[in-house]
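Have a look at the structure below before the remarks.
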Amino acid sequence: MKITGEMLIGSQSLHGGDGAVHAINPATGEQLAPAFGGGARRDVDSACELAAAAFDAYRSTTLEERAKFLEAIAQGILDLGDALIERVMKESGLPRPRLEGERGRTVDQLRLFASLVRDGRWIGATLDSALPDRKPFPRPDLRLRKIPLGPVAVFGASNFPLAFSVAGGDTASALAAGCPVVAKSHPSHLGTSELIGRVIQKAVADCGLPEGVFSLLVGNGNTVGEALVAHPHIQAVGFTGSRRGGTALAAIAARRPVPVPLFAEMSSINPVFLLPSALAERGPVIAQGLADSFTLGVGQFCTKPGVVFAIAGPAFDSFRNAAQAAVEAKSAATMLNPGIHEAFQFSEQQLGEFAAVKQLAVGRLTGSGVYNGTPALFQTTAAAFLAEPRMAEEVFGPACLLVVCQSDQEMFAAAESFSGQLTLTVHLAEPDFALAKQLLPILERRAGRIVINGFPTGVEVSHAMVHGGPYPATTDSRFTSVGALAIERFLRPVCYQDLPQALLPESLRDGNPLGVWRLLDGELKRG
């Protein structure tokens, strides 16, 4: 499939007229062909108007039709073969095995949502039978289901060019809910986005769906993204990126004449707590796992552990020495783009300039990449950490800060100091359980996922996964952007009172013609 540099608006392909945009190979610094034409407000209008026109027809598709559409996208991505992987490698600097794994995750997400659509539990069908003889007042017949919100804007992420991008979790869950999607390419992954976008465009046509079910825009600067969030036809937004970008878009969504939800996954430092017995039993093993985790993907995972807390003593000293050696054995590697590389260098330099922070280790300065990130390990005290809020800012890249506590109470104080996080991790052994029972309630208030005796950089796509958390990890801690529950972001409940059978949605009719799970007079039933 040829990359043309065009946007996809419904069934049409066109070259934007607002300047030229190039993806950059972060390993070499070269601009990649072709040039993409930046979109304008009129292109946003066209895509959003098509999406609005398609909404009622698309949300009325059968569960099977929608599931097959998602499966067609998944198969189309696989059918791109090596052409897709090779383009993503050029645009991201990521190695082939990582990208092949991410492609598998992207396909699995689409298939998970296809399965979820067929199951129908997400509809939330609920029936309260009429009670005409109830005193003092009768109860009417009440039936509830969840319906899609409307067209959704999706912003591609920099660090996952497939799994959090054009056909990633936001798009998959929105399409599963019955919402048309207007996606905006991330400027680092323009060719990748077009390849995936054309797969979705073809699936729309092959499945006989309205053309406005999907469009893909390209932006030269912030104009297209801001216009997309502000557009009156857009009813929700999915975003993964920086806190600065997420909060700016959230403000636009909130000040619209009719505000809409913006589900933004933003910054997180994913603290790790090492309890004393665990550290004494397996400190060197934990140290190696930590080094492997915070350098994975050149530290560019949103779940990268960035700060580690432990209590001072011989066990910590042994752990620290092992961590130093593990980091010194790691090599520099290419970061995703020039902007991320520059931000990492600034954040790392700022961290190292604090008087109370000591640099413990630096990785090997190998490789010829133009935008390399070198692993680094730092140390400070809990007192200094609590006194300097900037130490708790995200460093997006392969750096980690060890924080030495003098007591349990100082560790608890550090835990209480955090804003919202995607993850919080605890390493413990059985003698640590009493301490853990005091720590866990604090952690529950601050994160969407608590990891025990592991590291948070693996995010499973499943029914129980939560990839979200209190602000500023996300803009709404009630939802997740990964896993089956992600569909809930794009649904809202509607109650039907005394509606005739012939007018009721199939999911709410007597006899349950769809065979979905329903709550009937308080009892969960199927069939």
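Please treat every number below as a calculation from the coordinates, not as lab data. Bear in mind the structure is a predicted one, so any value in this text is a computation, not a measurement. With ideal geometry, Cβ positions are generated from the backbone for all residues, glycine too; neighbour counts draw on all protein chains shown.
The table below gives the values:
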| quantity | calculated |
| --- | --- |
| Distance between the stretch 194-225 and the stretch 424-472 - C-alpha centres, whole angstrom | 37 |
| Of all DSSP beta bridges in the chain, antiparallel share, percent nearest 5 | 45 |
| Kirkwood hydrodynamic radius over Cα pairs of the stretch 58-157, then Stokes diffusion coefficient at 4 °C and 1.567 mPa s, in µm²/s | 75 |
| Potential extension, THR28-ARG256 segment - 0.36 nm per residue separation minus Cα distance | 77.9 nm |
| Whole-number percent relative contact order across the stretch 243-393, with pairs defined as alpha carbons under 8 Å at least 6 apart | 20 |
| Estimated inter-spin distance, LEU524 and ARG364, nm [label 7 Å along Cα→Cβ] | 5.3 |
| Kyte-Doolittle mean at least -0.5, axial Cα span of 18 Å or more - DSSP H helices of the chain | 41-59, 63-79, 190-206, 276-295, 314-328 |
| At 0.890 mPa s and 25 °C, Stokes diffusion of the chain via Kirkwood alpha-carbon radius, µm² per second | 100 |
| Two-site label geometry, ASP510 and SER331: point separation in nm, points 7 Å out along Cα→Cβ | 7.2 |
| Inter-centroid distance (Cα atoms) of the stretch 352-380 relative to the stretch 235-269, Å | 32 |
| Protection proxy ranking of 338-349, 283-294 - average other beta-carbon atoms within 10 Å, highest first | 283-294, 338-349 |
| Computed over the stretch 381-527, Cα set: Rg, Dmax in Å | 22.1, 70 |
| Pairwise Lys count, the chain - Cα closer than 22 Å, eight or more residues apart or different chains | 11 |
| Most to least packed among 180-193, 48-61 [average Cβ atoms within 10 Å] | 180-193, 48-61 |
| Gain on full stretching of the segment that runs from GLU64 to ARG98 - 0.36 nm per residue minus C-alpha separation | 9.0 nm |
| D (Stokes-Einstein, µm²/s), Kirkwood Cα radius, the stretch 248-352, 1.306 mPa s at 10 °C | 97 |
| Antiparallel content of DSSP bridges confined to the stretch 114-235, in %, to 5 | 35 |
| Theoretical gain in end-to-end length, ALA383 to GLU444 [0.36 nm per residue, Cα-Cα removed] | 19.6 nm |
